[in-house]
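Q: Starting off with a structure, shown below.
The values are calculated or read from the model by the stated rules, or taken from the named source; none is laboratory data. This one's a predicted model, so the numbers in the text were calculated from it and none came from an experiment. Cβ: placed from backbone, ideal geometry, glycine included. Neighbour counts: every protein chain shown. To get the accessible areas, we keep the full protein, side chains included, count just its heavy atoms, and leave off ligands, DNA and RNA. Shrake-Rupley method; radii C 1.70, N 1.55, O 1.52, S 1.80 Å.
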Amino acid sequence: MTIALAPQDTPSQDAQHATAEGSFLHDVIAGLALQPKELAPKYFYDERGSQLFDNICALDEYYPYHVELELLPSVAADLSRFFHTELSAKESELGIIEFGAGSLRKITPLLDNIDCVSHLTAIDISKEHLLNSCNELRRQYSGLKVTAQAQDFTQPLNLEDPGSTRLGFFPGSTIGNLHRKQALDFLRNAGQTLGAGGYLLIGVDTKKPEYLLHQAYNDDRGVTAQFNKNILTRINRELGGDFDLMHFAHHAFYNHDYGRIEMHLRSLRAQRVHIADREFYFAKGESIHTENSYKYHPSEFADLARQAHWQTRRLWLAPDDLFAISLLQFNPAVDAR
Ligand SMILES: C[S@@+](CC[C@H](N)C(=O)[O-])C[C@H]1O[C@@H](n2cnc3c(N)ncnc32)[C@H](O)[C@@H]1O
């Protein structure tokens, strides 16, 4: 689903916007009809949601952001040497395709260290935020071609001029927001997009002591709670819903059985909520499951990647194994068992 691209509004973009709004309504109604109720985490991210995510990243407790950002310069220096030996003279240009680009803060260590990057395609579902982030990056790197693609990265992608060798970049452990089957589908689609021999640099959060995980998703200032509730604000504003945010509470915990943080919005009382012409009943204590954040041991993640025909070429671990960054290469001939 492509939502929109260029700054100007055209009739075809209006039609795309209508389609995006239609699928938002459809997904919300379908998700709230489930038992237990659920909403897809991609709907956190409108302009306000992206800003709130940046506010989360500014918190000391949110280690995944800081630890990955600190690891990236040494990863990028290694990658620069790797691509100098790996790329032949005729394939000396690298096109980077970043999935879930957000504020594009993690691309700068790569651009500062790898000199053969000719083009960046930044993909994100949060259109206004993406366009602003790309404009800012163009100002910083005037020689770099930057394309903004406001699109759902779980859908097949058509890339414009991505350079002769393709390096996907998927930081932030965003893959952890996908269930196992969704993660496999994403990796398979990325293989099609990046092509045989293409690379994927992917940041993945690791399993670790539960108190660290708990702190990261339950900050004292309530920023994560605001982010979580933004999904209800969007439903109210864009779909004419009547959620009363005072009567829902943020709830996040580590689910050992599934190896994931779960985020929920818990109803503080029995209540009815209306969206379009539908009514949804919430019992006191009932929750909407809004996000998973799966944590992987590096070997578990390498197994998952192999099942989608991705070979692990390099692995970098942050101190105390708090976070992992892997360089994968797509090889359709890899034994996926
Ligand atoms: C956890 S944030 C990570 C942001 C940034 N990459 C980082 O590492 O700090 C996830 C990002 O992916 C985007 N996103 C989430 N689901 C998406 C989807 N299905 N398609 C495209 N972008 C998505 C969000 O808008 C957000 O910018």
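Q: Go through segment 225-259 and give me each residue that's under 30 Å from Lys207 (Cβ atoms), surrounded by fewer than 20 Cβ atoms within 10 Å (Cβ to Cβ) and touching a residue at least 60 places away in the same chain (Cβ under 8 Å).
A: Within segment 225-259, Gln226 is the sole residue that qualifies.
Listed here are the residues, each with its yes/no results for (1) of a type outside the set (Ser, Thr, Tyr); (2) open to solvent by 20 Å² or more (accessible area, probe 1.4 Å).
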site: Leu187; (1), (2): yes, no
site: Tyr199; (1), (2): no, no
site: Gln215; (1), (2): yes, yes
site: Asn218; (1), (2): yes, yes
site: Val223; (1), (2): yes, no
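Q: Return a yes/no flag: does segment 69-78 have any residue that is crowded, with 16+ Cβ neighbours inside 10 Å, outside any loop (DSSP other than H, G, I, E, B), more than 12 Å from the ligand (Cβ to nearest atom) and at pLDDT below 95.
A: Within segment 69-78, none of the residues are crowded, with 16+ Cβ neighbours inside 10 Å, outside any loop (DSSP other than H, G, I, E, B), more than 12 Å from the ligand (Cβ to nearest atom) and at pLDDT below 95.
Q: So, one more: Quick one: in segment 318-333, which of the residues that are within 11 Å of Arg306 (Cα to Cα) and not in a strand (DSSP E or B) is modelled with the highest pLDDT?
A: This residue is Asn331.
Q: As an exercise: evaluate Leu265 against (1) touching a strand residue (DSSP E or B) at 6+ places or on another chain (Cβ under 6 Å); (2) assigned to a strand (DSSP E or B); (3) without any contact (Cβ under 8 Å) to a residue 60 or more places away in the chain; (4) open to solvent by 10 Å² or more (accessible area, probe 1.4 Å) and give the number of the one condition it does not meet.
A: Of (1) touching a strand residue (DSSP E or B) at 6+ places or on another chain (Cβ under 6 Å); (2) assigned to a strand (DSSP E or B); (3) without any contact (Cβ under 8 Å) to a residue 60 or more places away in the chain; (4) open to solvent by 10 Å² or more (accessible area, probe 1.4 Å), only one is false for Leu265: (4).
Q: To continue, here is another question. In segment 115-172, which residues are within 12 Å of the ligand (Cβ to nearest atom) and of a type in the set (D, E, K, R)?
A: Asp124, Lys127, Glu128, Asp152
Q: Quickly run through segment 114-130 and pick out the residues that are part of a helix (DSSP H, G or I) and surrounded by 19 or more Cβ atoms within 10 Å (Cβ to Cβ). Talk me through it step by step, then tell me what you get.
A: Keep residues of segment 114-130 that are part of a helix (DSSP H, G or I), which gives 127-130.
Scanning segment 114-130 gives Lys127, His129, Leu130.
Q: Separate question: So in segment 87-112, with the set limited to residues that are open to solvent by 60 Å² or more (accessible area, probe 1.4 Å) and either in a helix (DSSP H, G or I) or aliphatic (A, V, I, L, M) (or both), which one is farthest from Gly197 (Cα to Cα)?
A: Asp112
Q: Among the listed residues Leu187, Leu137, Leu200, Leu157, identify the single one that is more than 15 Å from the chain's Cα centre (by Cα), at pLDDT 95 or above and not hydroxyl-bearing (Ser, Thr, Tyr).
A: Answer to the selection: Leu137.
Q: Right, another one. Grab the strands (runs of 3 or more DSSP E) fully contained in segment 155-260, keeping just those with 1 or more residues being closer than 30 Å to Phe82 by Cα.
A: In segment 155-260, 165-170, 199-205 are the strands (runs of 3 or more DSSP E) which contain 1 or more residues that are closer than 30 Å to Phe82 by Cα.
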